[in-house]
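Accompanying notes for the structure given below.
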Amino acid sequence: MIEVAEVAPCGRGHPDRPPGMRQISQTRTIILTTAALFAASVLGFAALFAVSEHASAQRRAEGAVRDMAHVLEEYAKRTFETSDLIARDVTGHVMLRGGTKAIRDEPETFRYLEEKVRDSATADYLLVVDDQGIPASVTAAFPAPRTSLRDRIWFKAHEAGAPYHVGGALFSRITREILFTYSRRITGADGGFL
């Protein structure tokens, strides 16, 4: 014989739970919901703090980059001012000696240029070329090599009348090194190269 028994539901809860268990289940649900809301609040505040801190860090980084750019600008300005002073001194020396053709392979000019490089923190070597782009005097070699530099961008700029030129990196035919150039045109009374 089979006996079937009906179980009456215990209110809204699970039909197999006794009435006391229903209260424990509701308390557990409330605690889990509260914990989930607390965790969501903590994560929300952490995200808000991270966004705020990111913006603050970005402002500090932008300020540091601006400061570094200003320092580099000042350094470049001083470097070019120093290079320009040296170039003006060399121009004066060349003009006093009678021009680029007069100083070609002259030991006194070679020693003068070497002294300028030795006393400078910015110049690695000095070069004076004539109106054809041929070195008249250079601190890297004595006597100056007869290598034509007429095809160089800086020389072409001076042929076109530029008083000075700041060049990009190039491979030196004289020293066999990569270098950056700062050059100044030596102009005679007639407006041409000396």
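Principal-axis analysis of the Cα atoms of the chain puts helix 19-97 at an angle of about 0° to the longest axis. Rounded to the nearest 10 degrees, the inclination of helix 107-119 to the longest alpha-carbon principal axis of the chain is 20 degrees. Database remark: amide H of residue 149 closer than 5 angstrom to the amide H of 134 (H placed geometrically; neighbours at sequence offset of 5 or more, or on other chains; Pro and chain starts carry no H). Net charge of the neighbourhood of residue 65, taken over other residues with C-beta under 14 Å away and scored Lys/Arg +1, Asp/Glu -1, is 0.
With only Cα atoms counted, region 65-194 has Rg and Dmax values of 14.9, 49 Å. Taking amide H as placed 1.01 Å from N in the peptide plane, the amide H of residue 185 sits under 5 Å from that of 164, each at least 5 places away or on another chain. Excluding same-chain neighbours fewer than eight residues apart, the lysines reachable from residue 101 by a Cα-Cα span under 28 Å are 116, 156. Note on residue 69 and residue 156: their simple-model spin labels are 3.1 nm apart, each label 7 Å out from Cα toward Cβ.
Residues of region 125-142 with an amide N closer than 20 Å to a point placed 7 Å from the Cα of residue 180 along the Cα-to-Cβ direction: 125-127.
Note on residue 47 and residue 164: the model spin-label points, each 7 Å out from Cα along the C-beta direction, lie 5.6 nm apart.
Just so you know, all these numbers are worked out from the coordinates, no wet-lab data involved. Just so it is clear, the structure is predicted and the values come from calculations on it, not from any experiment. Glycine gets a Cβ as well: all are built from the backbone with ideal geometry, and neighbour counts include every protein chain shown.
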